[in-house]
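Data block below; observations after.
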Amino acid sequence: MGSHAFIYGVIIAVPILALIARKFYITETSRMTSQAAGKVISVEQRAVSDANERRTETEVVVIYTIAGIEYQLKRVFPGERAVQYPVGREITVQYNPATPSMAQLML
């Protein structure tokens with residue numbers, strides 16, 4: 001009787017552990033397996049203030065094309081980084097081939 005309980009426990013535990021592993025270890029970022037050429041079309045450096053702090057951030061907008069469809073990627077970076085991303089700069093974009101709008105800049 002005890003060995004049957006162990007076997008049933010294992011049968012139940014293995015799929016649950018697999019789901020947990022998938023949730024925490026296979027992230028959206030890991031699905032971004034393809035790359036495309038992108039181009040910086042806009043960069044804005046700005047000061048941001050709130051009640052607790054004042055900081056500088058840089059917003060970069062990049063366009064890239066997958067299968068004839070143009071996508072736009074907007075990212076905000078901390079600090080003064082506008083000189084690193086001049087308008088017209090070519091930059092590599094990593095994206096999810098199943099969902100090309102899910103993308104990140106390759107820095």
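Taken together, the values in this text are just the output of simple stated rules run on the coordinates, not laboratory data. Everything numeric in this text was worked out from a predicted model, so none of it was measured. Reconstructed Cβ throughout: ideal geometry from the backbone, glycine too, with neighbour counts over all protein chains shown.
Return MET102, MET32 ranked ascending by Cβ neighbour count within 10 Å, so the fewest neighbours appear first.
Arranged by neighbour count, lowest to highest, MET102, MET32 become MET102, MET32.
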For THR56, the net charge from surrounding residues (Cβ-Cβ under 12 Å; K, R +1; D, E -1) works out to -1
Filter the chymotrypsin sites (Phe, Trp or Tyr not before Pro) in segment 41-107 down to the DSSP loop ones having no more than 13 other Cβ atoms within 10 Å, then list what survives. none
Grab the Cα-Cα distance for VAL48 and VAL83, subtract it from 0.36 nm times how many residues apart they are, and report the gain in nm with one decimal. 10.8 nm
Ranked on Cβ counts within 10 Å of their own Cβ, fewest leading, LYS39, LYS74 go LYS74, LYS39
Would you report the distance distribution of C-alpha pairs in segment 32-105 as whole percents per 10 angstrom bin, up to the bin with the largest distance? 20, 45, 24, 10, 1
Between ILE41 and LYS74, what is the label-to-label distance in nm when each label sits 7 Å out along the Cα-to-Cβ direction? 1.2 nm
Taking a crude spin-label model, label points 7 Å out from Cα along the C-beta direction, the THR56 to ILE16 distance in nm is 5.2 nm
